[in-house]
Amino acid sequence: MEDKENSKSENQPSKNALKKAQKEAEKAAKKAQRKLEQQAGDAAVAEAEQPDVSAGCYGSYGLMRSAEKVERVLHEVEKLDSTCADTELWLRGRLHTSRAKGKQCFFVLRQQQFSVQAVLAVSETTSRQMVKFVAAITKESIIDVCAVVKTTPNKIESCSQQDVELHVKQVWVASASEARLPLQIEDAARPDTDDGLATVGADVKLDNRILDLRTSTNQAIYRVEAGIMRLFREHLTKEGFVEINTPKIISGLYIVNVPGNVGMVCNHDIRCQILFYIFNIEIY
C-alpha cells in the first residue's frame, strides 16, 4: 500500500511545475492577443489607405456662413409612402437612433412625431469610411439625407412610416448635438410602468423640457390642444368676436369691464386667450 501511494505522489506534478505551466499559458495567451491586435491595426491601416469611393457624399457642413445658396427641395417624412417608391429625394431631420452591425448601419430619421428607417451598407458606391462616419453621429443631431425610397416586405413597427425605408446615398451633418445628453428621447417616451426598461423621472424631464417636448406623446398632446384652440377661435371669429392678448408680465388680477355686463377677472395663464366684442370695451 505504501509503495502505491508513493508512486501516485511521484506521478503528480509539483507546485512549482504547476505555476510554471500557468505562467507559460498566460504568456501564450498574451502573445496571441498582441498578434490579434497587430492584425486589426494592420487591417485598419490598410483600410485607411484604400481610396474612399464615397468622398464628397458625407461629412459636416461646419459653420453656416451663407457663402453659397444650395438649390435643394426638402421633403417631409410624413408624406413618405409606397407611392414614393424608387424616388430619390432629400430629407432633413434628427437622428433618432442608430445601430451599426458589420458593414451595415441602420438609423431612424425623425421629423416632429414622424419617423422613417434608413439603411446604409458597404458597396461599390458606399465606402466603409462613410458607414463608420454615420454610425458615429451623435443622437438628436440634425442631418440632411439623400436617399432612394424603397418599399419593405415587412412593416417596420418602430417607425411611423412602416411601409417604406430609405436607401442612403448621402449624409451631411447640419447641426451636431452633444455627445452625452441628459436623457434619451426613447427613454422619456416610455411610461413608468414598463418593467426592465429605462425610464426618465418627472424632475429630469422638467429640467430638460426642450428634449422632453420632442417625444411623440408630447407632440400629440400639443397638436390636439392646437386643434381645439383653432376650432374655438374660428367659431368665435365667425360670431363677430375679436381676439385680444392680455398682458402676462403684470402682477395681480386683470379687470375687464364691459358696460352693461359684469366685469371679468382674467388670470395670466399663457394658454388663456379671451375674446370680446370689438365695440364698447373698457379695460382698467
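The values are calculated or read from the model by the stated rules, or taken from the named source; none is laboratory data. For clarity, every value in this text was computed on a predicted model and none was experimentally measured. Using ideal geometry, Cβ is built from the backbone for each residue, glycine included, and neighbour counts are taken over all protein chains shown. To get the accessible areas, we keep the full protein, side chains included, count just its heavy atoms, and leave off ligands, DNA and RNA. Shrake-Rupley method; radii C 1.70, N 1.55, O 1.52, S 1.80 Å.
Just a few scattered comments:
- Residue within the range 229-241 that is in a loop (DSSP other than H, G, I, E, B), more than 29 Å from the chain's Cα centre (by Cα) and modelled with pLDDT of 80 or more present: yes
- Being at pLDDT below 90, open to solvent by less than 100 Å² (accessible area, probe 1.4 Å) and under 30 Å from Asp163 (Cα atoms) is a description that applies to Arg72.
- Residue selected from the range 42-66 under the condition among the hydrophobic types (A, V, I, L, M, F, W, C) and open to solvent by 100 Å² or more (accessible area, probe 1.4 Å), by the criterion modelled with the highest pLDDT: Leu63
- Subset of the range 169-219 (residues that are touching a residue at least 12 places away in the same chain (Cβ under 8 Å), assigned to a helix (DSSP H, G or I) and either open to solvent by 50 Å² or more (accessible area, probe 1.4 Å) or not small (Gly, Ala, Ser) (or both)): Ile185, Glu186, Asp187, Val204, Lys205, Asp207, Leu211, Asp212, Ser216, Thr217, Gln219
- Members of the range 66-106 that are without any contact (Cβ under 8 Å) to a residue 12 or more places away in the chain and of a type in the set (S, T, N, Q): Ser66, Thr83
- Candidates Ala85, Ala100, Ala118 - the one that is within 15 Å of Ala147 (Cβ to Cβ), open to solvent by 20 Å² or more (accessible area, probe 1.4 Å) and of a type outside the set (S, T, N, Q): Ala85
- Counting only residues that are of a type in the set (Val, Ile, Thr), part of a loop (DSSP other than H, G, I, E, B) and buried (at least 16 other Cβ atoms within 10 Å of the Cβ), the range 149-168 holds 1 of them.
- Residue list for the range 132-148, filter: open to solvent by 10 Å² or more (accessible area, probe 1.4 Å), of a type in the set (A, V, I, L, M, F, W, C) and assigned to a helix (DSSP H, G or I): Phe133, Ala135
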